[in-house]
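Okay, so here's the structure we're looking at.
Rule-based calculations on the coordinates, nothing more; no lab input. Everything numeric here is computed off the predicted structure, so don't read it as measured data. Here the Cβ positions follow ideal geometry from the backbone for every residue, glycine too, while neighbour counts run over all protein chains shown.
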Amino acid sequence: MKLPWDKKHISWGITAFLTISASVLFYVILQKWESFSTVFGALVNSLSPITYGLILAYLLNPLLNIIEHSMIFPICKKVFRKNRKLAHSMARGFSIILSWVIAILFIVTLFALVLPEIYKSIESLIELVPKLGTAVLERAYEILDENPEIIDFLENFISGFTTDFAEIMARVQELIPNLNIMISGLTDSVYALVTAFFNILIGIIVSVYVLKDKERFVAQFKRLFYSIMPTDKANNVIAFFRLTHDKFGNFIAGKILDSLIIGVICYISLIILNMPYAALVSVIVGVTNVIPFFGPFIGAVPSAILILFVDPVKCLTFVIFVIVLQQFDGNILGPKILGSTTGLSSFWVMFAILVGSGMFGVWGMVCSVPLLAVIFTLSSDGCHVSLRKKGIDYNTETFERIDHIDETTNTPVWMSRD
């Protein structure tokens, strides 16, 4: 007897098998979570150079495109007139080298300009600490002379401390055998530092290979999607990655430029205001400005504490200046540079940063805003398509005045003006 199998039955069978398999796998992962987390952590660590390389390639790609298309390729096209493939290959190679040269020169120049000023700031801070300690002690002596009851309290405290000193020394002696553990931890830290250096070095090499064949990698992924998915689904996946690339690329490039400008403005302004530690504070403010919304305030806290040690009045002036600078960046400079790359309101930006920082730390604070922008754009597009099919106006402003929509005609019933 021939079984009535058709494509529909086979599809149901495969779906059921995959569902059961996924459920069993999920159960096994939960039962052996520690083993899986160890294996996953080892896999992530082994792929660190690849991750660094992909990040570096992504950051350098805009500069590479400008150099290659505007400068190098037009020259190579004329030199290798009869061999266009060779012209492309030579242009890409020279563009990668020039991009890395410019990036390294920029970093070296930035450090050459900033590090001496930071060194002077730290040196003056070190010189200030003993003077500040002396001033605090002198003030403490004045307070003690005026309040003898405090002296009695301190004497009682010191006598109690000396009584327990033998016990404290006994605890210290117990810690001495654990010095080998501390030394082992220090060795592990040095090893981790050396490993990170080599990972970054390998990441630079990986970035060169990625930039060299970036079009080929993209083409391979496109071929994979179209081979395993229906055409409409593959188009949607490719459109999703293109949207993500646009949001992240524009946001990161714009935020780096924005932070650089804010750092320079901060440095010039602090010099004019005759603030201490101008270079050190400007670097802190500029670097933390990469974090949207909260960045300037995060950088302002340690900077204000440094200035407070020198002059409380200047500290207050600095706090007011940072508030003005944040308003300028958030309302004028940031929107001009970033444009409408995110499309998020201030509330959703703050929401994304808080959730991202809570789940993934600093990386979450930086990447959560463009990621939420991608989700917001996809959700908005989905709403537009659904409402358009129903014949309903999809503009958000329209719904502010709608009381409800008639179920039979899909026409809006407006709210009363009262």
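Roughly speaking, what % of Cα-Cα pairs in segment 283-418 are separated by over 18 Å, rounded to a whole number?
Working: 6212 of 9180 pairs.
Percentage above 18 Å: 68.
Report the gain in length on full extension from ASN65 to LEU18: 0.36 nm times residue separation, minus Cα-Cα distance, nm rounded to one decimal. Numbers along the way, then the final one.
On the way: separation 47, 0.36 × 47 = 16.92 nm, distance 4.31 nm.
In short, 12.6 nm is gained.
How far apart, in nanometres, would the label points at ALA239 and LEU201 be if each is projected 7 angstrom from Cα along the Cα-to-Cβ direction?
Each label point lies 7 Å from its Cα, and together they span 4.7 nm.
Say R0 is 35 Å: what FRET efficiency, to the nearest 0.05, do VAL313 and LEU110 get from their beta-carbon distance? Can you show the working numbers first?
Working: r = 31 Å, r/R0 = 0.89.
It comes to 0.65.
Could you work out the per residue convex hull volume over the alpha carbons of segment 237-324, in cubic angstrom?
Values: hull volume 6.9 nm³, N = 88.
Residue-normalised Cα hull volume stands at 78 Å³.
What translational diffusion coefficient, in µm²/s and rounded to a whole number, does the Stokes-Einstein relation yield for segment 198-345 at 10 °C and a viscosity of 1.306 mPa s, taking the hydrodynamic radius as the Kirkwood radius over Cα pairs?
Details: Rh = 18.3 Å.
After rounding, the answer is 87 µm²/s.
Working from the pairwise distances between different alpha carbons, so that the mean of 1/r is found and then inverted, what is segment 226-274's Kirkwood radius in Å? Walk me through the intermediate numbers first.
Values: mean 1/r = 0.0724 Å⁻¹.
Its Kirkwood hydrodynamic radius stands at 13.8 Å.
How much length, in nm to one decimal, is gained on full extension between ASP381 and ILE268, taken as 0.36 nm per residue of separation minus their Cα-Cα distance? Please list the in-between numbers first.
Working: separation 113, 0.36 × 113 = 40.68 nm, distance 4.39 nm.
Result: 36.3 nm gained on full extension.
With a 10 Å Cβ neighbour count serving as the proxy for reagent exposure, in which order, fewest first, do LEU193, LEU260, LEU344 appear? Please report the intermediate quantities before stating the final value.
Numbers: LEU193 9, LEU260 15, LEU344 19.
Going from sparsest to densest Cβ surroundings: LEU193, LEU260, LEU344.
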